[in-house]
1. TYR52's amide H: which non-local residues (gap 5+, or another chain) put their own amide H closer than 5 Å, with H modeled 1.01 Å from N in plane and none for Pro or chain starts?
2. Could you give me the ³J(HN,Hα) list for segment 126-140, computed from phi with Karplus coefficients 6.51, -1.76, 1.60 and θ = phi - 60°, whole Hz, x at Gly and Pro?
3. Strictly over 19 Å apart at the Cα level, which of LYS72/LYS145; LYS39/LYS83; LYS43/LYS83 would you flag in this model?
Amino acid sequence: MLALVPLALIPTGIAFGNHIFDKDAFGQNLDVSQLSSEKYPLKVNDKSYDIYYGYHGSLEVDVNKVGENLPKLASMNINAERKSLEITMDDVPSNSVFWLRLPLEVLSAENAQYQLFIDGVDTQYDLTKFPQDYAIGMIVPKDAKHIEIIGSHVIPEFGAISIVILGIFIIGIIYIANVRKYNIL
């Protein structure tokens, strides 16, 4: 019997499925909240990001009353100057729970310390971390129009055009400095 133990330690080349594929091999893992929620395609610099959102936890909403008494989202936009995501609501008929899944590459904050303003009022929120994003939940008061989530990094921080302009500017300064230093002209 002891003679069989060394045979069990010989590598056989057999691998199990969970060791074969990289965790991102099949793309993003969707969970129930994403499957049961609405999706807003946020376009930034010709790239689109899916922002999933919902109300009342989405699973608690009666399917037969989906359009009744739920807020209506009008738009989402990135404000690069304020490093924020701005959300405009069309209609909020009553105080409502609103949540959204925010990809880290769209908006992130150091130590996950976001600031949330609803119609200019600093508001508390609930935060859940997922591998590629955060779920941010909040209570939106009746008749609210503007939600702003402020982070410390937002796309596009520095677009490719900004980097090219900065490079040309730096090369121009170096050139002018050398021309003056060596009196080339």
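1. HN-HN under 5 Å from TYR52: TYR40, ARG101.
2. 3J(HN,Hα) across segment 126-140, in whole Hz: 10, 10, 10, 8, 10, x, 10, 7, 10, 9, 10, x, 8, 9, 9.
3. On the way: LYS72/LYS145 10 Å; LYS39/LYS83 22 Å; LYS43/LYS83 16 Å.
Cα-Cα > 19 Å for LYS39/LYS83; rest within.
Each reported figure results from applying straightforward, stated rules to the coordinates on display, with no laboratory input. Model, not experiment: these values are computed from the prediction.
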